[in-house]
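Worksheet for the structure shown next.
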Amino acid sequence: MFDNRNKRSRSYRLSAITIPLRISVLFMVICGIIYPLASTGAAQLLFPRQADGSLMKDSTGQIVGSELIGQSFNNPQWFQGRVSSIDYNAAGSGSNNFGPSNPALTLRTAASIEAWKLDNPDISVSELPIALITNSGSGLDPHITPQSAMVQIPRISKLTGEPADVLQQLVDKHTEGRDLGVFGDERVNVLKLNLALSAMLGE
């Protein structure tokens, strides 16, 4: 009788170890292998472009960026995006949450304003949209406001030789409305706009 009790006790102890272990292995297979493969496969089948990062290509078919992530355009003939304290590094989004009284924010903003005055002598600082000298929350925002694009037209027109009204039409064409007509604000994707400008210039 004692032998039977010992056997049952050992069996219970073994079950207490093996059952959770089996369940853990089962869920690791489901959640770690089957589900990721299924969701990735479904995304590639239904939304292949989005699943691959919403990549943008130039006229030659070369990948030049993602429409979801901003980037720097060093040549002043192109439309410029927002300031990014992380230089649009998608490996780690975020921004330094400087308060209005932080000296570092004051210095950075002053530098941005001076750079603006140098590149855009025809547009006064009072017309400079605040969005062009401030970070987005992620530091990766690919959009600017339509007004932020409009104030850059005189500079770009002068550097490219394209008439201002033609550039105005280009901005209008690439201005995206609010989501579902209600959410968010009108915006312009800087990369898409510059690709269109590049095509216009034949570059």
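List, in the order given, every pair from Lys57/Lys173; Lys117/Lys173; Lys117/Lys158 whose Cα-Cα distance in the structure shown is over 24 Å.
Working: Lys57/Lys173 19 Å; Lys117/Lys173 27 Å; Lys117/Lys158 15 Å.
Long pairs (Cα-Cα over 24 Å): Lys117/Lys173.
Among the aspartates and glutamates, which fall within straight-line cross-link reach of Lys192, defined as a Cα-Cα distance under 15 Å, with same-chain neighbours fewer than 8 residues apart omitted?
The reachable aspartates and glutamates, counting only those whose Cα sits under 15 Å from Lys192, are Asp58, Glu67, Asp141, Asp172, Glu176, Glu203.
How large is ³J(HN,Hα), in whole Hz, for each residue of region 135-152 in order, when computed from phi with the Karplus curve 6.51 cos²θ - 1.76 cosθ + 1.60 and θ = phi - 60°, using x for Gly and Pro?
6, 7, x, 8, x, 10, 4, x, 10, 10, 6, x, 5, 5, 7, 4, 5, 8
Once phi is turned into ³J(HN,Hα) by the Karplus curve 6.51 cos²θ - 1.76 cosθ + 1.60 with θ = phi - 60°, what whole-Hz value does each residue of region 66-77 show in order, with x for glycine and proline?
10, 6, 9, 10, x, 8, 7, 10, 6, 6, x, 6
Which entry is the computed log10 I(q)/I(0) by the Debye sum over Cα atoms at q = 0.09, 0.10, 0.17 Å⁻¹ for this structure: [x] -0.51, -0.58, -1.23; [y] -0.36, -0.44, -1.07; [z] -0.35, -0.43, -1.23?
[x]
Based on DSSP H assignment, which helices of the chain show an axial Cα extent of at least 15 Å together with a mean Kyte-Doolittle hydropathy greater than or equal to 1.6?
Sorted by number, the helices that extend far enough and score high enough are 190-201.
Tally Lys/Arg at +1 and Asp/Glu at -1 over every other residue whose Cβ is under 12 Å from the Cβ of Gln80; what's the total?
Combined, the nearby Lys, Arg, Asp and Glu give +1.
Would you please give the FRET efficiency between Ile19 and Ser39, computed as 1/(1 + (r/R0)^6) with r the Cβ-Cβ distance and R0 = 22 Å, to the nearest 0.05?
After rounding to 0.05, the efficiency reads 0.20.
Of the peptides 146-159, 72-85, 24-37, 101-114, how do they stack up when ordered by the mean number of other Cβ atoms within 10 Å, highest first?
146-159, 72-85, 101-114, 24-37
Which cross-chain or sequence-distant (5 or more) residues have an amide H under 5 Å from the amide H of Met56, H modelled 1.01 Å from N in plane?
For Met56, whose amide H was placed from the backbone, the distant partners under 5 Å are Val64, Gly65, Ser66, Glu67.
Any read-out appearing in this document is the output of simple, stated calculations on the displayed coordinates, not a laboratory observation. Quick caveat, the model's predicted, so the values are computed rather than measured. Quick reminder, even Gly has a Cβ in these numbers, built from the backbone with ideal geometry, and neighbours come from all protein chains shown.
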